[in-house]
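Asker: Before anything else, here's the structure in question.
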Amino acid sequence: MKITFLFLLFLPATLFAQNQQEKLIELADNLETCSAFTQEFEHPFTGDTLERNITKTSDAECTLTESMPNGFLMTCTFSEAARKSVASYYRDLSGADSFGTQTSQSLDESGEQTTTYTINGKEVENPLQESMENGTCVVSQP
């Protein structure tokens, strides 16, 4: 017997303040060009004020660091293709009427987990999640 646990997060963009949308566009623009950049932002779930930084680490790589709640730090070292893909995803989020994440996990011995992302009700790929899974992004506690 397969039992599935489902977690659904759906946020109307009206909850996503206008200045946060502008910050995502600014982040996307600087990430796409790998321009040195620092930005404070409000975490969407905790309301904490956190910081993002973009630095060029080589001609081929760009690093995005983002502070996270509870003292964690996400560090992503992107290739040109990866950073442009993530920048595009941030732009799509900034202009969305709604966005969401749905995760289901089987409670049987397989433990299979499936996560889908939606923007304006349409399922989309999340290149940031892919970067977490392939090791391009690493979360640590400094």
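The values are calculated or read from the model by the stated rules, or taken from the named source; none is laboratory data. Quick caveat, the model's predicted, so the values are computed rather than measured. All Cβ positions, glycine included, derive from the backbone under ideal geometry; neighbour counts span all protein chains shown. Side chains included, ligands, DNA and RNA excluded: accessible areas come from the protein's heavy atoms. Shrake-Rupley method; radii C 1.70, N 1.55, O 1.52, S 1.80 Å.
Asker: Is there a residue in segment 107-117 that is closer than 21 Å to Glu26 by Cβ and either of a type in the set (Ser, Thr, Tyr) or outside any strand (DSSP E or B) (or both)?
Answerer: No, every residue in segment 107-117 fails to be closer than 21 Å to Glu26 by Cβ and either of a type in the set (Ser, Thr, Tyr) or outside any strand (DSSP E or B) (or both).
Asker: Tally time: how many residues in segment 78-91 are open to solvent by 50 Å² or more (accessible area, probe 1.4 Å) and in contact with a helix residue (DSSP H, G or I) (Cβ under 9 Å, 6 or more places away or on another chain)?
Answerer: Number satisfying all stated conditions: 4.
Asker: Could you please give the count of residues in segment 118-142 that are of a type in the set (S, T, N, Q), surrounded by fewer than 14 Cβ atoms within 10 Å (Cβ to Cβ) and not in a strand (DSSP E or B)?
Answerer: Summing the residues that are of a type in the set (S, T, N, Q), surrounded by fewer than 14 Cβ atoms within 10 Å (Cβ to Cβ) and not in a strand (DSSP E or B) in segment 118-142 gives 3.
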